[in-house]
Every structure is written in structure tokens, then in C-alpha cells.
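> There's a structure below that I have some questions on.
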Amino acid sequence: GESVGLHLPTLSVQEGDNSIINCAYSNSASDYFIWYKQESGKGPQFIIDIRSNMDKRQGQRVTVLLNKTVKHLSLQIAATQPGDSAVYFCAEVASWGKLQFGAGTQVVVTP
Amino acid sequence: GAVVSQHPSWVICKSGTSVKIECRSLDFQATTMFWYRQFPKQSLMLMATSNEGSKATYEQGVEKDKFLINHASLTLSTLTVTSAHPEDSSFYICSAQRTSGASEQYFGPGTRLTVT
């Protein structure tokens, strides 16, 4: 995915509904991916990761899906809560641990 | 946990002056720290990789003489923005990687720099 975005796409979701955030990555050789949550004015916070030998990984209320064929990642948040409002980034872990961030998606949870 | 702090959390400086930002790993040792810059409504862009005891590695397009990085110990890296200009106003975020070799990066809370 692109590492710089001039406009953050926004996902509006009603409290209690499920959220799905998508991310495309560019390097077919990437074998490790991480989802981060960033609240306004704060640093990124690790949510969940997945390696390329898996196509699904579940955490608490979150699930990451990896489709290597089309180089696509998604993050699913179950029963979205107001505290989930933030910007979500996917990141590819490149050589030497360097992170290549996607453009990000702003999630807005409405009551 | 793995806590990373940054100081200051925000700073306002006049054009032409230099500003130093500190990044500390509070409860672990970090051989490698990373510095990112983030403009409003944009993603994080890696500026440089800081390795303890050696010179930083800068990403393409990042001026090493303008953004001085010093990684003097296993718990501290500093970024100095020299001769700051308004276009350097941004959110600067560091991350630290454990010396043990695990690839996970732990992020600091960021420093908001405003150059007037």
C-alpha cells in the first residue's frame, strides 16, 4: 500500500456494529504485518499482527485476515465501541524491522 | 510492559533555532530506535534508523545535517532539528526495538513541533 496519503478515508460505524478496515500492500515478499491504532495526538498502539504463513488471526474483539494472492489485509473489529474511534494503520515489516505504513483509515463510531 | 517516552510532548520554537527531542525506553534496552514524522491527516513516514553506538541510517530525502540523530545509550536516542523552519512543523514519533532481537517496535507518545 501507499505510505503517504493526503486524505484519510473515513469509516463511520454505529456503536455495536462490526467494523472492517481494509489495507492493500505492495511487496509480495512481505511476510509480517501489523495493525496499529492511533488516537489523536498519540503514538501508534499495537493491535494485532500476522505472519504470511497464516491467513487469519484472532485477538480480543479483533480479527486480521490476510489474502496473499491479492496482497490484501483486513482488520475486523467486533461490536465497535466509542473507544475504538481512532485512525488505524496497517504496516508491512520490511528488512531490519523497518515498518512501511499504509495510508490509514479514520474510524468514527457514532452512538 | 515496554514503555517508550518522549520529551518534550510539545514544543514551539522560532524559525532558525534548533530543537532537541528525546526518546527513551524506560523498562527495556533498545539497540535500535526509529524516528518518524507525521503530518496532519497523513501516515507515518520513517525518517531514520538509529543504532546505539553507530551512525544513523537516513531514509531517502531526509537531510542528515538537518535532522541530527544521536543514540548514545541503549535507552536514549535524540533527534535535533537544526535551523528549524515552519515546514518542519510536524508530529515526530520515535519507536524502540528490544535488544533481544524481537522485531516488535514500541512507540513513544510523539512530540508536536511548531515552528513560528
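The values are calculated or read from the model by the stated rules, or taken from the named source; none is laboratory data. What you are looking at is a predicted structure, and each value in this text was computed from that prediction instead of being measured. Counting neighbours? That spans all protein chains shown, and the Cβs are built from the backbone with ideal geometry, glycine included. Side chains included, ligands, DNA and RNA excluded: accessible areas come from the protein's heavy atoms. Shrake-Rupley method; radii C 1.70, N 1.55, O 1.52, S 1.80 Å.
> Given (1) part of a loop (DSSP other than H, G, I, E, B); (2) within 16 Å of A:F101 (Cβ to Cβ); (3) open to solvent by less than 60 Å² (accessible area, probe 1.4 Å); (4) out of contact with any helix residue (DSSP H, G or I) (no Cβ under 7 Å at 6 or more places or on another chain), where does B:P40 come up short, assuming only one miss?
B:P40 satisfies every listed condition except (3).
> Answer yes or no as to whether B:I93 is in a strand (DSSP E or B), surrounded by 19 or more Cβ atoms within 10 Å (Cβ to Cβ), more than 12 Å from chain A (Cβ to nearest Cβ) and among the hydrophobic types (A, V, I, L, M, F, W, C).
Spelling it out, it is not the case that B:I93 is in a strand (DSSP E or B), surrounded by 19 or more Cβ atoms within 10 Å (Cβ to Cβ), more than 12 Å from chain A (Cβ to nearest Cβ) and among the hydrophobic types (A, V, I, L, M, F, W, C).
> Could you tell me which of the residues B:K14, B:K55, B:K41 is of a type in the set (K, R), modelled with pLDDT under 95 and either farther than 28 Å from A:C90 by Cβ or touching an Asp or Glu at 6+ places or on another chain (Cβ under 7 Å) (or both)?
None of the others qualify; the one that does is B:K55.
> State whether the residues of region A:70-86 include one that is in a strand (DSSP E or B), open to solvent by 70 Å² or more (accessible area, probe 1.4 Å), within 14 Å of chain B (Cβ to nearest Cβ) and closer than 30 Å to B:Y58 by Cα.
The answer is no; no qualifying residue exists.
> Of the numbered conditions (1) within 14 Å of chain B (Cβ to nearest Cβ); (2) in a strand (DSSP E or B), A:V13 satisfies every one except a single condition; which is it?
The single condition A:V13 does not satisfy is (1).
> Quick check on region A:5-15. Is at least one of its residues of a type in the set (D, E, K, R) and modelled with pLDDT of 95 or more?
yes
> Regarding B:L74, is this residue more than 10 Å from chain A (Cβ to nearest Cβ), buried (at least 16 other Cβ atoms within 10 Å of the Cβ) and more than 26 Å from A:A103 (Cα to Cα)?
So B:L74 fits the description; yes.
> Residues being at pLDDT 95 or above and acidic (D, E): count how many of those fall in region A:27-48.
Adding up the residues that qualify gives 1.
> Of everything in region B:1-27 that's part of a strand (DSSP E or B) and of a type in the set (V, I, T), which residue is nearest to B:R37 (Cα to Cα)?
So, considering only residues that are part of a strand (DSSP E or B) and of a type in the set (V, I, T), the one nearest to B:R37 (Cα to Cα) is B:I21.
> Do you know which residues across region B:54-64 are away from chain A (no Cβ under 11 Å), open to solvent by less than 70 Å² (accessible area, probe 1.4 Å) and either assigned to a loop (DSSP other than H, G, I, E, B) or in contact with a helix residue (DSSP H, G or I) (Cβ under 8 Å, 6 or more places away or on another chain) (or both)?
B:S54, B:A56, B:V62
> Another question, then. For region A:10-68, which residues satisfy the criterion of being within 24 Å of B:G110 (Cα to Cα), touching a Gly at 6+ places or on another chain (Cβ under 8 Å) and open to solvent by 60 Å² or more (accessible area, probe 1.4 Å)?
Answer for region A:10-68, where residues must be within 24 Å of B:G110 (Cα to Cα), touching a Gly at 6+ places or on another chain (Cβ under 8 Å) and open to solvent by 60 Å² or more (accessible area, probe 1.4 Å): just A:K42.
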